[in-house]
């Protein structure tokens, strides 16, 4: 669906400018209510009266981690179809109703949840609740819309391979790193798996995983918590429980040694590379020093990685690092790209920065600038009603409380060189223990990448994201 009308966008801009959270890092979570309905659905409401809007997120626990093992992409298709007709409205009527109210409604599958998000003018609260209830309780899953969406998703993957394989790098990487673990499954599916998915698979996924006990509805904006909660309780009163239990996620071991996945793109002028290992979970206790150190290492333009690969040597237009943190540890990954002929030099340089990080840590005089950078960015993520809905959704999904937000700024300010050394040792993998994923011209770089570890090779044109033996988990 299209974005909100210009009038709604203008009000959001005014909200951002007026927000006191833009100054300083001392963030206090505004009051909010949390109610568990008799059927298990959780309703969270936060009053934010700066503009006459209500933002929402509905999260259904499960996401792509409960896709059938042989058919990744079912959750993604189910989510995409939520906005393609529900209740009495077909896809056109649903979209027209949202647009006619100047609202927005989108849905997508993440790794651990399907989320439907958007916003409406406060005066259209009743319509918002009606559309949410229709989409989540009475989706049409129309056969024609299903076929169209599936075909489009397949074509999007093919187009990415033809024009922008960098967008697929992480998908290949997580598949190679996590193997059969649900984190290794491509959330959007592959060409092969999508082609094998039927409408019946989507319906089966919906019946098994959509239910009141999996559902959390979060609202923030110009609302009355009591009346909105009452309206939601009425609209969702008939929601059944999910037919299947939500499986627990196991933690994967860290990879030891190095191994290489070479994805062959014949004739490529550039090589894209991704160096990774298992990282830390969302509840990692040293989140503040982790963010400060990663900011210095690969999280901003003047980071160690970008300085070496772009500013000093010109080997790349950009290099970065980051942690993906789920309910169990996701990955720490370094990513960059370079000309084909400088593939080996660029990867060597990236590995060298990681070695030095472990050997030397980060200079104490750099911690101050990194702390200031993180503290300056943090409040800007909590300005609008939509920001708060997203923040509360994170707390709900991962079982966190308000201290996750409120204690963060003080924790960042308190980061010491000792904290930095501890988090480097615990969270950042060594340069000798990494999976190396490379997309490039195999004929020109095969021998170059072989020095980084045993090589598994596959074609970019292959309809799956996996090659060779499945890594053990």
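Report, in cubic angstrom per residue, the convex hull volume of the C-alpha atoms of region 74-172. Each step should come with its number before you reach the end.
Numbers: hull volume 12.0 nm³, N = 99.
Spelled out: Cα convex hull of region 74-172, divided by residues, is 122 Å³.
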ask   = Between residue 93 and residue 407, what is the spin-label point distance in nm, taking each point 7 Å from the Cα along the Cα→C-beta axis?
value = 5.1
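Restricting things to Cα coordinates, could you compute the convex hull volume per residue of region 242-305 in Å³?
Working: hull volume 14.4 nm³, N = 64.
Spelled out: Cα convex hull of region 242-305, divided by residues, is 225 Å³.
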P(r) weight above 14 Å for region 387-426, C-alpha pairs, percent = 60
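What does the convex hull of the Cα atoms of region 388-473 come to per residue, in Å³, rounded to a whole number?
Values: hull volume 18.8 nm³, N = 86.
Dividing the Cα hull volume of region 388-473 by its residues yields 219 Å³.
Return the ratio Rg/(2.2 N^0.38 Å) for region 287-410, where Rg is computed over Cα atoms only.
Numbers: Rg = 16.7 Å, N = 124, 2.2 N^0.38 = 13.7 Å.
For region 287-410, the normalised Cα radius of gyration comes out at 1.21.
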key: 20 Å reach of a label modelled at residue 166, 7 Å along Cα-to-Cβ, counting backbone N of region 334-367   = 334-351
remark   = One finds, for residue 147 and residue 234 with R0 = 25 angstrom and r their Cβ-Cβ distance, a FRET efficiency to the nearest 0.05 of 0.10
Nearest 10 degrees, 0 to 90: helix 169-178 Cα axis against the chain principal axis = 80
inquiry  = If I fit a long axis through the Cα atoms of helix 225-235 and take the longest principal axis of the Cα atoms of the chain, what angle between them do I get, 0 to 90°, rounded to 10?
reply    = 80
ask   = By how many nm would the segment from residue 301 to residue 250 grow when fully extended, if each residue of separation counts as 0.36 nm and the alpha-carbon distance is taken off?
value = 14.9 nm
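So what's the back-of-envelope 222 nm ellipticity for the chain, counting only DSSP H runs of four-plus at -39500 (n - 2.57) apiece and dividing by all residues, rounded to 500? Display every interim value, and only then the final one.
Values: 17 runs with 191 residues, N = 473.
One gets -12500 deg cm²/dmol as the mean residue ellipticity at 222 nm.
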note = Inter-part gap, Cα centre of region 173-187 to Cα centre of region 238-275, in whole angstrom, is 2
ask   = Taking a label point 7 Å from the Cα of residue 224 along the Cα→Cβ vector, which residues of region 88-103 have an amide N closer than 12 Å to it?
value = none
request  = Could you give log10 I(q)/I(0) at q = 0.06, 0.10, 0.13 Å⁻¹ for the chain, computed by the Debye formula over C-alpha point scatterers of equal weight, without solvent?
outcome  = -0.29, -0.83, -1.33
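Ranked by Cβ crowding within 10 angstrom, fewest neighbours first, how are 36, 292 ordered?
Details: 36 10, 292 30.
By the 10 Å Cβ count, ascending, the order reads 36, 292.
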key: Rounded to whole Å, sorted largest first: equivalent-ellipsoid semi-axes of region 143-284, Cα gyration tensor   = 36, 22, 17
note = Distance in nm between residue 159 and residue 464 label points, each 7 Å along Cα→Cβ, equals 2.7
message = Place a point 7 Å from Cα of residue 380 in the direction of its Cβ. Which residues in region 389-426 have their backbone N less than 17 Å from it?
response = 409
note = So the angle from the long Cα axis of helix 6-18 to the longest Cα principal axis of the chain, reported in degrees to the nearest 10, equals 70
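Readers should treat all values here as calculations from the given coordinates under stated rules, not as data from a laboratory. Everything numeric in this text was worked out from a predicted model, so none of it was measured. Cβ: placed from backbone, ideal geometry, glycine included. Neighbour counts: every protein chain shown.
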